[in-house]
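Student: Following this message is one structure expressed as structure tokens.
Derivation of every value follows stated rules applied to the coordinates shown; laboratory data play no part. Computed from a prediction, not measured in an experiment: that's the story for all the values here. Note that each Cβ is placed from the backbone with ideal geometry, even for glycine, and that neighbours are counted across all protein chains shown.
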Amino acid sequence: MELTQAEAVMDLIHARSERALAAAQRQLQGELGRFLGELINATILTLSQIEVYIDFPEEDLPVENRRQVVEALENVLRGTVRLLATQAYGDLLRDGVKTVLLGAPNVGKSSLLNALVGTERALVSPEPGTTRDYIEERLHVGPHLLRLIDTAGINPAPGVLEQRGMAKTAECLSRADLILWVMDAALPCPTLPPEFAQHIRPDKTLLVRNKIDLVFGQNLSDEDLVQIKGLDLDLPLDVSAVTGVGLGELRAAVIDLVDGLRPAFFAEEQIAINARHADALRRAADALQAALSGLTAVPPLPIELISGDVRAGLDALGEIAGRVDNERILDALFANFCIGK
Ligand SMILES: Nc1nc2c(ncn2[C@@H]2O[C@H](COP(=O)(O)OP(=O)(O)OP(=O)(O)O)[C@@H](O)[C@H]2O)c(=O)[nH]1
Ligand SMILES: [Mg+2]
């Protein structure tokens, strides 16, 4: 068993959602190992093509070979970057989707948390400014695990304690995977101060129009429409935390949005790397990039330096699956070249 498969066993044991389980199963089947194996093989072949010239210092790497080597390294670098792009989704599968309930005081953020979780977890009151510190609760929404965070309401004229609560809200928001921006259906949607608005991105924000039971059938005002369009957001989902209307649609929208956070290159949960993999991949990418810069510099750097960078890249890739043997490099070298002519 490779190291990545052993890690997958750990992930299987700790998986707390359907999607996390699927990802762990695919890694256990060796998906990451296979993809990585292709990158490692391509790098070993390239290294053998370079290193043969170290043994014959009078011969420089011919232009034609240099082009092949550059192309091969670019391919490996591309694969490395694609793997790296799966880290964010991997984190989200392992830790849960960090979901922040955001909005003005009294719009019903805590009521929504309670309605979604199904218990009276957060204090609710008709007084604005009820929630001061943030509250986190884990819950499953379809195949996903959410870490739902209820925050202090955004008050344009906050008291001292509220101000500190709002600073924490801004901090939560900067690390959010998903934002549920809640408005009160009976009131105009207040504009967000810039420190909050800067985090509102359409690909991770759902606008929720709560208390729809109070204004059933009433459309959004033109001013609200203009603001929502300006932020490039979809129209809000009408819900009521009190009657439960619209909560099913809200859950469905959450599932769609989180599924949309999957990395584009890999199908479903094919590959979702962890922090250890990402650390090694970043070092591999840096080393491969250095080798490529050396090869394409005018004049190109000496072949020994380039081979050193490629070896560093190979070692970093090898760390993920286990060690890369020097034997394997020598085998490839002898298999591909007729040394001594
Ligand atoms: N009619 C109606 N009332 C609601 C709904 N959701 C919340 N409320 C009421 O609105 C008031 C405020 O609700 P909270 O959940 O405390 O609001 P909040 O956004 O957490 O408020 P802060 O913590 O002060 O920022 C309470 O009296 C709730 O009962 C809803 O869907 N319909
Ligand atoms: Mg609250």
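Student: If you plug each phi of the range 306-312 into the Karplus form 6.51 cos²θ - 1.76 cosθ + 1.60 with θ = phi - 60°, what whole-Hz ³J(HN,Hα) values come out, in order, with x for Gly and Pro?
Tutor: 5, 5, x, 5, 5, 4, 4
Student: Explain nothing, just the number: relative contact order of the range 262-311, from Cα pairs under 8 Å at least 6 residues apart, as a whole percent.
Tutor: After rounding, I find 28 percent.
Student: With springs connecting C-alpha atoms under 10 Å apart, model the chain as a Gaussian network and identify which of G313, G103, G159 has the largest mean-square fluctuation.
Tutor: So, out of G313, G103, G159, the one fluctuating most is G159.
Student: In the structure displayed, which of K168/K211; K204/K229; K168/K204 lie more than 23 Å apart, Cα to Cα?
Tutor: K168/K211
Student: What 222 nm value per residue comes from the helices of the chain, counting each DSSP H run with n ≥ 4 as -39,500 (n - 2.57) and dividing by all residues, nearest 500 deg cm²/dmol?
Tutor: For the chain, the value works out to -16500 deg cm²/dmol.
Student: Counting pairs of alpha carbon atoms under 8 Å apart in space and at least six apart in sequence, what relative contact order in percent does the chain give? Don't jump to the answer; show the numbers that get you there.
Tutor: On the way: 517 pairs, mean separation 79.6, N = 341.
Here the relative contact order equals 23 percent.
Student: How much length would be gained if the chain were fully extended between A167 and V9, taking 0.36 nm per residue of separation minus their Cα-Cα distance, in nm to one decimal?
Tutor: In short, 52.9 nm is gained.
Student: Okay, next question. Per-residue counts of other Cβ atoms within 10 Å, averaged by peptide: what ranking do you get for 203-212, 149-158, 258-267, highest first?
Tutor: Going by the mean number of other Cβ atoms within 10 Å, highest first, we get 203-212, 149-158, 258-267.
Student: Separate question: Below 8 Å between Cα atoms, with a sequence gap of 6+, how large is the relative contact order for the range 1-156 in percent?
Tutor: Numbers: 180 pairs, mean separation 34.1, N = 156.
Taking the mean separation of contacting Cα pairs over the length of the range 1-156, I get 22 percent.
Student: On a C-alpha basis, how far is the centre of the range 12-40 from the centre of the range 142-198 in Å? Whole number, if you could?
Tutor: 35
Student: Still on this model: What are the residues whose amide H is under 5 Å from the amide H of G103, where those residues sit 5 or more places off or on another chain and H is modelled from the backbone?
Tutor: Hits under the 5 Å cutoff: I154, V182.
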